[in-house]
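The values are calculated or read from the model by the stated rules, or taken from the named source; none is laboratory data. Fair warning: this is a prediction, and the values are worked out from it, not measured in the lab. Quick reminder, even Gly has a Cβ in these numbers, built from the backbone with ideal geometry, and neighbours come from all protein chains shown. Please note that ligands, DNA and RNA were not included when accessible areas were found on the heavy atoms of the full protein model with its side chains. Shrake-Rupley method; radii C 1.70, N 1.55, O 1.52, S 1.80 Å.
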Amino acid sequence: QVQLVESGGGLVQAGGSLRLSCVASGSIFSIKAMGWYRQAPGKQRALVATITSGGITNYADSVKGRCTISRDSAKNMVYLQMNSLKPEDTAVYYCLAQGSVRYYWGQGTQVTVSS
């Protein structure tokens, strides 16, 4: 089992920045890729960014150039730096870990961007 805890969400004005953090615990040796997804009200959960154990990253088109995902394996953490935030970035952001046989989710952290 892997447990994920996110932090760093909050209320920010459009154009501002936030950095989300996610710490993993438990069977961390089984973790392959990690990432961030988000779910806005009335919408499906959608990919934001992922990063493999080798550092290969992938971003949703909507956040390319504005967000950076990074990973500190020594601390079992993954980060999402979000810049130039827009009201449409408002959502609950979830941390994801790909284990050996299943995916794990955190409880989510709310990001609200005011116009």
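Where Lys and Arg each count +1 and Asp and Glu each count -1, what net charge lies around residue 96 among other residues with Cβ under 13 Å from its Cβ?
Once all neighbours under 13 Å are counted, the net charge is +4.
Short to long, the 10 Å bins of the Cα pair-distance histogram for the chain hold 15, 51, 28, 6, 0 percent of all pairs. A Förster radius of 22 Å combined with the Cβ-Cβ distance from residue 88 to residue 58 puts the calculated FRET efficiency at roughly 0.65. In this simple spin-label approximation, residue 77 and residue 114 carry label points 7 Å from Cα along the Cα→Cβ vector, and these lie 2.8 nm apart. Put a dot 7 Å past the Cα of residue 5, heading toward its Cβ, do the same for residue 107, and the two dots end up 0.9 nm apart. Ranked from largest to smallest solvent-accessible area, with a 1.4 Å probe on the protein heavy atoms, 48, 12, 23 come out as 23, 12, 48.
Listed by chain and number, the lysines whose alpha-carbon sits under 22 Å from that of residue 64, ignoring those within fewer than 8 places in the same chain, are 43, 86. Straight-line reach from residue 75: taking Cα to Cα under 18 Å and skipping same-chain neighbours fewer than 8 places apart, the aspartates and glutamates in range are 6.
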